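Visitor: One structure is given below, represented as structure tokens, and several questions about it will come after.
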Amino acid sequence: MIVDVIVDLQYGDCGKGKVTHYLCKTGKYTHVVRYNGGCNAGHTIYHYGKKFVTHHIPAGVFFGVKSIIGPGCVVNPEKFFEEIATLEAGGLQNVRNLVKIAKNTHVITQEHIESDGGDTKIGTTKRGNGPAYAAKYARTGVRADEIPELEPFLVDFYDEMHQEGTIALFEGAQGFGLDIDWGDYPYVTSSHCTVAGAMLNGIPPKAIRNVWGVAKAYETYVGAKDFGGNDPIFDKICEIGQEYGATTGRKRQINWMQWDLLEKATKINGLTHMVVNKMDVMREIDCWKLFSGENLHEFATEAQFQEYFYQKLSETGISIYFSGDKAKI
Ligand code: IMP
Ligand code: MG
């Protein structure tokens with residue numbers, strides 16, 4: 001078994017969907033798997049010029065690859081069927097045959113959605129994620145194999161993965177800064193957003209080949225805490241970068257990149273590849289800044305900004321890609 005993992009190095013919304021789509025296009029994968037989170041996620045994907053937003057369903061469906069919602073996720077059956085219908089309406093073929101759910105995946109119930117709905121403290125997406133994971137750990141949860149309508153989609157995840165010739169792409173949701181253990185608690189999501197989250201789905205460490213870390217050239221965050229960004233240029237970034245939540249439509253708070261967070265996420269995830277997205281937005285404002293600790297570094301040119309990454313990561317062997325394109329790396 002070979003597994004490549006995609007992780008987000010910041011607060012979600014860094015463009016994992018684009019990287020998944022790009023890697024799937026190579027046609028080298030037998031499976032694409034979502035390994036954490038639920039329909040709180042929103043992945044924006046441009047498929048041959050057409051915009052799609054996915055929530056649960058992994059991007060393998062765009063290329064006819066079996067796409068599985070892994071046991072580390074939580075799934076809302078109603079939203080799952082809505083998402084299938086949206087993908088079909090967008091012209092994708094064979095969606096119902098390609099999409100699968102691990103039978104031990106936990107389900108988001110109406111009760112979970114209602115108890116998440118009143119949250120204002122953390123600023124959750126109100127999709128019932130936290131309560132579904134809370135129920136899972138309280139041993140009061142409901143698994144996918146208890147829901148008759150999901151029956152045609154269920155698979156045994158062990159059998160799917162542990163077979164001859166599996167080459168799987170594991171697509172994460174949310175990001176390092178929202179990780180239940182490594183994020184800024186309590187302003188976090190309820191799942192594991194590191195490469196370890198992928199392994200929790202029954203993947204042995206030695207199966208992991210490449211770890212793709214996805215970042216944005218600046219940071220965005222949606223949720224209740226004050227993200228501290230007070231430069232007026234952030235309004236401009238918000239407009240140019242269209243920084244509105246793909247799931248909730250909320251305006252994302254913006255700040256300059258924190259190098260320390262990126263470095264920590266890079267080390268904890270053991271990256272082999274890094275993609276820094278939204279370089280086009282930075283080019284348009286032509287202002288190149290990032291925080292290292294409390295220090296705000298300003299670079300005169302894009303080349304100098306990029307050089308900072310190359311120098312800081314020079315010993316790591318990580319391949320770095322700077323991307324300024326919605327549809328490709
Ligand atoms: P929850 O995951 O809905 O419980 O929300 C917890 C925190 O994670 C909130 O700050 C959400 O805005 C944030 N969050 C959850 N999913 C995503 C995502 O896919 N992108 C960005 N932020 C997210
Ligand atoms: Mg998103």
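Visitor: Pick from region 53-75 the residues that are within 13 Å of ligand 2 (Cβ to nearest atom), of a type outside the set (Val, Ile, Thr) and touching a residue at least 40 places away in the same chain (Cβ under 8 Å): which of them is farthest from TYR22 (Cα to Cα)?
Guide: HIS55
Visitor: Can you tell which of GLY177, GLY165, GLY172 is touching a residue at least 24 places away in the same chain (Cβ under 8 Å) and in contact with a Cys (Cβ under 8 Å, 6 or more places away or on another chain)?
Guide: GLY172
Visitor: Starting from residues that are away from ligand 1 (no atom under 16 Å from the Cβ) and charged (D, E, K, R), keep the ones in region 182-215 and report whichever is nearest to VAL5 (Cα to Cα).
Guide: ARG209
Visitor: With respect to LYS264, is the statement that it is within 22 Å of PHE309 (Cα to Cα) and more than 16 Å from ligand 2 (Cβ to nearest atom) true?
Guide: So LYS264 passes the test.
Visitor: If we scan region 162-181, do we find a residue that is of a type outside the set (Gly, Ala, Ser), over 20 Å from ASP4 (Cα atoms) and either over 21 Å from the mean Cα position of the chain (by Cα) or away from ligand 1 (no atom under 15 Å from the Cβ) (or both)?
Guide: no
Visitor: Which residue, of GLY270, GLY249, is at pLDDT 95 or above and under 20 Å from the mean Cα position of the chain (by Cα)?
Guide: GLY270
Visitor: Another one. Go through region 86-102 and give me each residue that's open to solvent by 70 Å² or more (accessible area, probe 1.4 Å) and either hydrophobic (A, V, I, L, M, F, W, C) or under 22 Å from the mean Cα position of the chain (by Cα) (or both).
Guide: THR86, ALA89
Visitor: Restricting the search to region 113-170, which residues are among the β-branched types (Val, Ile, Thr) and closer than 30 Å to VAL222 by Cα?
Guide: Answer for region 113-170, where residues must be among the β-branched types (Val, Ile, Thr) and closer than 30 Å to VAL222 by Cα: ILE113, THR120, ILE122, THR124, THR125, THR140, VAL142.
Visitor: Now, a different point. Can you tell me which of ASN230, ASN255 is away from ligand 2 (no atom under 16 Å from the Cβ), closer than 14 Å to GLY177 by Cα and over 18 Å from the mean Cα position of the chain (by Cα)?
Guide: ASN255
Visitor: Take GLU78 and decide whether it is surrounded by fewer than 24 Cβ atoms within 10 Å (Cβ to Cβ), under 18 Å from PRO152 (Cα atoms) and without any contact (Cβ under 8 Å) to a residue 24 or more places away in the chain.
Guide: yes
Visitor: With respect to SER292, determine if the residue is of a type in the set (Gly, Ala, Ser) and farther than 20 Å from GLN311 by Cα.
Guide: no
Visitor: Going through region 28-53 one residue at a time, which ones are among the β-branched types (Val, Ile, Thr) and within 16 Å of ligand 1 (Cβ to nearest atom)?
Guide: Residues satisfying the conditions are THR44, ILE45, VAL53.
Visitor: Which of the residues that make up region 61-100 are assigned to a loop (DSSP other than H, G, I, E, B) and within 27 Å of ALA134 (Cβ to Cβ)?
Guide: GLY70, PRO71, GLY72, ASN76
Visitor: Kindly list the number of the only condition in (1) within 14 Å of ligand 2 (Cβ to nearest atom); (2) farther than 22 Å from TYR244 by Cβ; (3) hydrophobic (A, V, I, L, M, F, W, C) that fails for VAL32.
Guide: Here VAL32 meets the rest and fails (1).
Visitor: OK, next. Report whether or not THR124 is β-branched (Val, Ile, Thr) and either in contact with a Gly (Cβ under 7 Å, 6 or more places away or on another chain) or under 24 Å from PHE63 (Cβ atoms) (or both).
Guide: Taking the combined requirement at face value, the residue satisfies it.
Visitor: I've got another one for you. Looking at LYS126, LYS136, which is the one that is within 16 Å of ligand 2 (Cβ to nearest atom) and either under 30 Å from ASN97 (Cβ atoms) or of a type in the set (D, E, K, R) (or both)?
Guide: LYS126 is the lone residue from the list that is within 16 Å of ligand 2 (Cβ to nearest atom) and either under 30 Å from ASN97 (Cβ atoms) or of a type in the set (D, E, K, R) (or both).
Visitor: Within region 218-243, which residues are farther than 21 Å from CYS287 by Cα and of a type outside the set (Gly, Ala, Ser)?
Guide: Hits for region 218-243 are VAL222, LYS225, ASP226.
Visitor: Can you name every one of the helices (runs of 4 or more DSSP H) wholly within region 109-188 that holds 3 or more residues which are surrounded by fewer than 16 Cβ atoms within 10 Å (Cβ to Cβ)?
Guide: Of the helices (runs of 4 or more DSSP H) lying wholly inside region 109-188, those with at least 3 residues that are surrounded by fewer than 16 Cβ atoms within 10 Å (Cβ to Cβ) span 110-117.
Visitor: Continuing with the same structure: Among the residues of region 295-309, count how many are loosely packed, with under 14 Cβ neighbours inside 10 Å and either under 18 Å from ASP260 (Cβ atoms) or in contact with a Gly (Cβ under 8 Å, 6 or more places away or on another chain) (or both).
Guide: Qualifying residue count, region 295-309: 3.
Visitor: Are there any pairs with C-beta distances below 7 angstrom linking a residue in region 193-209 that is more than 13 Å from MET161 (Cα to Cα) to a residue that is part of a helix (DSSP H, G or I), with the two at least 6 apart or on different chains, and if so which?
Guide: CYS193/PHE176; CYS193/LEU178; THR194/PHE176; THR194/ILE268; THR194/ASN269; VAL195/ASN269; PRO205/MET199
The values are calculated or read from the model by the stated rules, or taken from the named source; none is laboratory data. As the structure is a prediction and not an experimental result, all values here were calculated from the model. Glycine also receives a Cβ, built like all others from the backbone with ideal geometry; neighbour counts cover every protein chain displayed. Surface areas here come from the heavy atoms of the whole protein model, side chains and all, with no ligands, DNA or RNA. Shrake-Rupley method; radii C 1.70, N 1.55, O 1.52, S 1.80 Å.
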